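Participant: Quick one: structure below, then a few questions.
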Amino acid sequence: MFNAHPLLHLLLYLVIFSAPAAAEQRSLLIDTEQLTLQVIEGTKTPLTLEQISIGRNGTTQEKVRFDKRTPLGHFKIAWITRDTPFQLFIGFDYPNRAVVDQALADKRIDRHTYQRIRKYLDAGQTPPQRTRLGGYLGIHGIGKGDPDIHATYNWTNGCIALTNEQVEQLAEWIEVGTPIEIR
């Protein structure tokens, strides 16, 4: 193998290292002021979705259950399902370690709740979704909802909503583990 043609070495290098690197560079950027969702791939933006909807009460760094706010921060896609009234649901790893650590520090949760959530996170499992921090957050379509309401208001309980067409477009670019920044 060491005496093989140099092009063979280059080909092996590209096969082994290029594809994973490209996949690792893909992420989502959600701008809650501009109401856009972008797919970022390295230095390129191959997809921008406009007129997204966020939580009806805006955004927050200190999310609590039922506040109807979209959490700001860094997350990853934890699951994707079509078993939803919203066309497609792309679930976040919320609450994640950063959220839980901050929630304990600012006393939104007690030590018992913290330890319970961390147990799931440390085991690589989806944490409880019905604690004081809330859950079941993600990106979804509008299903059979009113497109005019979607185009006019921020209407969700904390999720990011897209039109059904937009969520189907997005599905082609994402997978479980895709990083998400909500700012």
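The values are calculated or read from the model by the stated rules, or taken from the named source; none is laboratory data. Since this is a predicted model, take the numbers as computed values, not measurements. Please note: Cβ atoms are built from the backbone with ideal geometry, for glycine as well, and neighbour counts cover all protein chains shown.
Participant: For segment 113-121, indicate whether the set of residues that are surrounded by 20 or more Cβ atoms within 10 Å (Cβ to Cβ) and either at pLDDT 95 or above or under 27 Å from L162 (Cβ atoms) (or both) is non-empty.
Facilitator: Yes, segment 113-121 contains a residue that is surrounded by 20 or more Cβ atoms within 10 Å (Cβ to Cβ) and either at pLDDT 95 or above or under 27 Å from L162 (Cβ atoms) (or both).
Participant: State yes or no: is R56 surrounded by fewer than 16 Cβ atoms within 10 Å (Cβ to Cβ), in contact with a strand residue (DSSP E or B) (Cβ under 7 Å, 6 or more places away or on another chain) and of a type in the set (K, R)?
Facilitator: Answer is yes for this residue.
Participant: Kindly check whether there is at least one residue in segment 161-181 that is in contact with a Leu (Cβ under 8 Å, 6 or more places away or on another chain), within 20 Å of F66 (Cα to Cα) and not in a loop (DSSP other than H, G, I, E, B).
Facilitator: No, because not a single residue in segment 161-181 is in contact with a Leu (Cβ under 8 Å, 6 or more places away or on another chain), within 20 Å of F66 (Cα to Cα) and not in a loop (DSSP other than H, G, I, E, B).
Participant: Which of the residues that make up segment 146-156 are outside any helix (DSSP H, G or I) and touching a residue at least 40 places away in the same chain (Cβ under 8 Å)?
Facilitator: If the condition is that a residue be outside any helix (DSSP H, G or I) and touching a residue at least 40 places away in the same chain (Cβ under 8 Å), then Y153, N154, W155, T156 are the ones that fit.
Participant: Out of curiosity, is R132 of a type outside the set (A, V, I, L, M, F, W, C) and farther than 18 Å from G58 by Cα?
Facilitator: Answer is yes for this residue.
Participant: If we keep just the residues of segment 1-37 that are at pLDDT 95 or above and part of a loop (DSSP other than H, G, I, E, B), which is surrounded by the fewest Cβ atoms within 10 Å (Cβ to Cβ)?
Facilitator: E33
Participant: Here's a follow-up. List the strands (runs of 3 or more DSSP E) that sit entirely inside segment 38-143 and contain at least 2 residues that are closer than 20 Å to R26 by Cα and more than 17 Å from the chain's Cα centre (by Cα).
Facilitator: In segment 38-143, the matching strands (runs of 3 or more DSSP E) lie at 44-50.
Participant: While we're on this one: Given the conditions (1) surrounded by 17 or more Cβ atoms within 10 Å (Cβ to Cβ); (2) without any contact (Cβ under 8 Å) to a residue 40 or more places away in the chain; (3) over 22 Å from T59 (Cα atoms), which single one is not true for Q87?
Facilitator: (2)
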